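Quick note: the coordinates plus some simple rules give every number you see, no bench work behind them. Just so you know, these numbers come straight off a predicted model, no measurement behind them. All Cβ positions, even for glycine, are placed from backbone atoms using ideal geometry, and neighbour counts span all protein chains on display.
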Amino acid sequence: MRRVEPEIRLIARPQLDYDEVAGYLAEVGGESWLERVDRGELDDAQNLAEFAGRICYRSWEPGLNPNVTRIRTDQEEYLRNILASAHGSVLEHLNFSFALHNVSRVATHELVRHRAGAAVSQESLRFVRLDDLPFWFPRWAEGDAELMGRATALLEQMEAFQRWMAEHFDLDREGVPFAEKKAKTSFMRRFAPEGLGTGLVWTANVRTLRHVIENRTAPGAEEEIRLIFGRVGELMVKEAPALFGDYTVQDGAWIPGWRKV
């Protein structure tokens, strides 16, 4: 039994093709927009949000749309207005992918309930045979010596049973068909605890991210998933401050300045 901590890594983010953007803007007369925005790697998400918003109103510069006589030229101000006006569809174009490692199946069972605007690829214990049981304990549990002693003993017993089953089924014998390994491994996972550490890739757009961060860090949310999405929130504030900088954090709860975006 290994005691582990949940790890969250941001592994993919939006990327703009500025040559194609420039070609489009030349067609509609909005070339000046590209002169105003930064083109660093960490700016692509916010640039894409602004691009999607401006295309809705042809608001690249005054006069392109006769109804638009002035525009916001500061990106932070522009995106703040997107959030404040609940123009959430703009945020659905921005997808971020996270690798979640050593998170329990307790947390992932709750996470997969968020289906709209999200994609999930999770480690399958039908195929992955267990030889140890990585496990996370909250801080309050670690302070209870008797609880930790009993829990550790139970997990070690379950871990030993996993190894015994692998030997009993002779799964490492040369020539065992993969179909048989898969069937026996699927049976063996039934004796693994729901708190077992696992891994997955989780992708979500910014509209979904804002909802899940608020929802899953709320005081009534499950303890581990609060930890996970507190860290996701911290990553996103650094990644796209104009889109996540409106949150305030109170006792671990991430409270957005604008809801229902």
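Here are the numbers for the structure shown:
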read-out	value
Spacing of the two label points (7 Å from each Cα toward its C-beta) at Val68 and Ala22, in nm	2.1
Sites Val201 and Val176, calculated FRET efficiency, Cβ-Cβ separation with R0 22 Å, nearest 0.05	0.15
Per-residue Cβ neighbour rank within 10 angstrom, fewest leading, Lys181, Lys238, Lys260	Lys260, Lys238, Lys181
Ranked Arg207, Arg163, criterion: other C-beta atoms within 10 Å, fewest first	Arg163, Arg207
Span from the segment 217-261 Cα centroid across to the segment 14-79 one, whole angstrom	28
Sequence-separation-based contact order of the chain, relative, with Cα cut under 8 Å and 6+ spacing, percent	28
Residue exposure sequence - Ile82, Ile213 - by fewest surrounding Cβ within 10 Å	Ile82, Ile213
CD proxy at 222 nm, helix term only [per DSSP H run n ≥ 4: -39500 (n - 2.57); per residue of the chain; nearest 500]	-13500 deg cm²/dmol
From phi via Karplus (6.51, -1.76, 1.60), per-residue ³J(HN,Hα) for segment 214-223 in Hz, x at Gly/Pro	5, 5, 9, 10, 4, x, x, 6, 5, 4
Size of charge dipole - the chain - debye, nearest 20, with Cβ of Lys, Arg +1 and Asp, Glu -1, no other charges	840
Efficiency of FRET from Cβ geometry, Trp140 and His168, R₀ 41 Å, rounded to 0.05	0.65
Cα-only radius of gyration and Dmax that characterise the chain, units Å	23.8, 78
